[in-house]
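The values are calculated or read from the model by the stated rules, or taken from the named source; none is laboratory data. Since the model is a prediction, treat every value here as computed from it, not as a measurement. As a convention, Cβ positions derive from the backbone with ideal geometry for all residues, glycine included, and neighbour counts pool all protein chains shown.
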Amino acid sequence: MTDLIGMGLLGGALPREACSRAACSADARWRIDWRNPRIHTGERFKTWLACDEHVDYLRDFLAAREFPLTVSALEDAS
């Protein structure tokens, strides 16, 4: 259990913001807020973070499914 604290999962230091693309550990610079209208109400959005290399890939992945989404610079989203 003490290992989890050091990893930031139980009140320890939070990890840096990393890209949500599988196997990518680059620093995130973009925030993608999206929802699946079949399962999420209009108020509920999910958030993915993206590095410069993967922001277009993640946005296109969601747009191809016609999910409502917004993309903003990570520092602008706070």
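Of all residues being in contact with a Phe, Trp or Tyr (Cβ under 9 Å, 6 or more places away or on another chain) and among the polar types (S, T, N, Q) in the stretch 36-78, which is nearest to Ala23 (Cα to Cα)? Just the residue, please. Of everything passing the filter in the stretch 36-78, Thr47 is nearest to Ala23 (Cα to Cα).
The set of residues from the stretch 59-78 being at pLDDT below 95 and of a type in the set (A, V, I, L, M) comprises Leu74, Ala77. Scanning the stretch 27-58 for residues that are of a type in the set (A, V, I, L, M) and modelled with pLDDT of 95 or more turns up Ala28, Ile32, Leu49, Ala50, Val55, Leu58. Mind listing just one residue for me: the one in the stretch 26-48 that is in contact (Cβ under 8 Å) with a residue 24 or more places away in the chain and assigned to a loop (DSSP other than H, G, I, E, B) and, of those, farthest from Leu62 (Cα to Cα)? Out of the qualifying residues, it is Ala26.
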